[in-house]
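Student: Would you mind keeping the following structure in view while I ask a few things?
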Amino acid sequence: ARVAARYRPDAILLTADLDDGCPADVAPRWAQAVRSEGLSMPVALVLFHREYETLALSVADSLAGMQLLPGVVLDAGVSAPADPEGHRDAKGWLGRHLMGGRRYKPTVHQLPLTTLLYVGVLRAAGLSSYRRLENAMVHLAAQAQAGTAGVYPA
């Protein structure tokens, strides 16, 4: 947050993969640490359980057959795992089930994959990580509109 604040943004969204931790336990402590920095812009912290890519797992069936990159079409007929947030190694699952066995590389594939994720489909999936992300965005918009510098989660 301190590094991002040097660029004087209107707001800061911090995200991290939490792997095996519980976001409900960890996020408030991290948010308090951000609060102690006394930043002059709103900040939201979203910890994904387990990985950011869990969002894609939760809606895998809606991604099937879509083009990720030129020459990389996601496998057809894929179904989302029953418990995407309980699944370990979301990145590996994406490579095996959506990318025809190709290795998923976050630096190459994460942005194009994100552009294929639709709000309505994510919301309908009921994933707690997505609810936190959506709540964080609402927080940032409200804080920016009010000209205040609150930190999410409270």
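The values are calculated or read from the model by the stated rules, or taken from the named source; none is laboratory data. Quick caveat: nothing in here was measured; it's all calculated off a predicted structure. To get the accessible areas, we keep the full protein, side chains included, count just its heavy atoms, and leave off ligands, DNA and RNA. Shrake-Rupley method; radii C 1.70, N 1.55, O 1.52, S 1.80 Å.
Student: Heavy-atom accessible area per residue, the chain, 1.4 Å probe: how many Å²? Please list the in-between numbers first.
Tutor: On the way: 8270 Å² over 154 residues.
Accessible area per residue: 54 Å².
Student: For region 1-80 and region 115-152, write down the distance between their C-alpha centroids in whole Å.
Tutor: 10 Å
Student: A further question follows. Would you mind checking which residues have amide H under 5 Å from V73's amide H? H placed 1.01 Å from N; only 5 or more apart, or other chain.
Tutor: L68
Student: If you don't mind, another one. Would you please calculate the Kirkwood hydrodynamic radius of the chain over all C-alpha pairs and express it in Å, rounded to one decimal?
Tutor: Hydrodynamic radius (Kirkwood, Cα pairs) of the chain is 16.5 Å.
Student: Near the amide H of A44, under 5 Å away, which other amide H atoms are found, from residues 5 or more places off or on another chain, if H is placed in the peptide plane?
Tutor: Correct list: I12, L13, L14, Y152.
Student: If you don't mind, another one. Along each of the three principal axes of the Cα atoms of region 1-82, give the extent in whole Å, ordering the values from largest to smallest.
Tutor: Result for region 1-82: principal-axis Cα extents of 49, 30, 14 Å.
Student: Another question, if that's okay. Could you state how much accessible area D61 has, in square angstrom rounded to the nearest 10, with a 1.4 Å probe and all protein chains kept in place?
Tutor: 100 Å²
Student: Next question, about the same structure. Only helices at least 18 Å long along their axis, Cα-based, and averaging -1.0 or more on Kyte-Doolittle count here, so list those DSSP H runs from the chain.
Tutor: 128-146
Student: Short version: ³J(HN,Hα) in whole Hz for each residue of region 53-65, in order, from phi by Karplus 6.51 cos²θ - 1.76 cosθ + 1.60 (θ = phi - 60°), x for Gly and Pro, what are they?
Tutor: 5, 4, 4, 5, 4, 5, 10, 3, 5, 7, 8, 4, x
Student: Separate question: Sorted by accessible area with a 1.4 angstrom probe, largest first, how do T115, T107 fall? Numbers along the way, then the final one.
Tutor: Values: T115 90, T107 140 Å².
From most exposed to least exposed: T107, T115.
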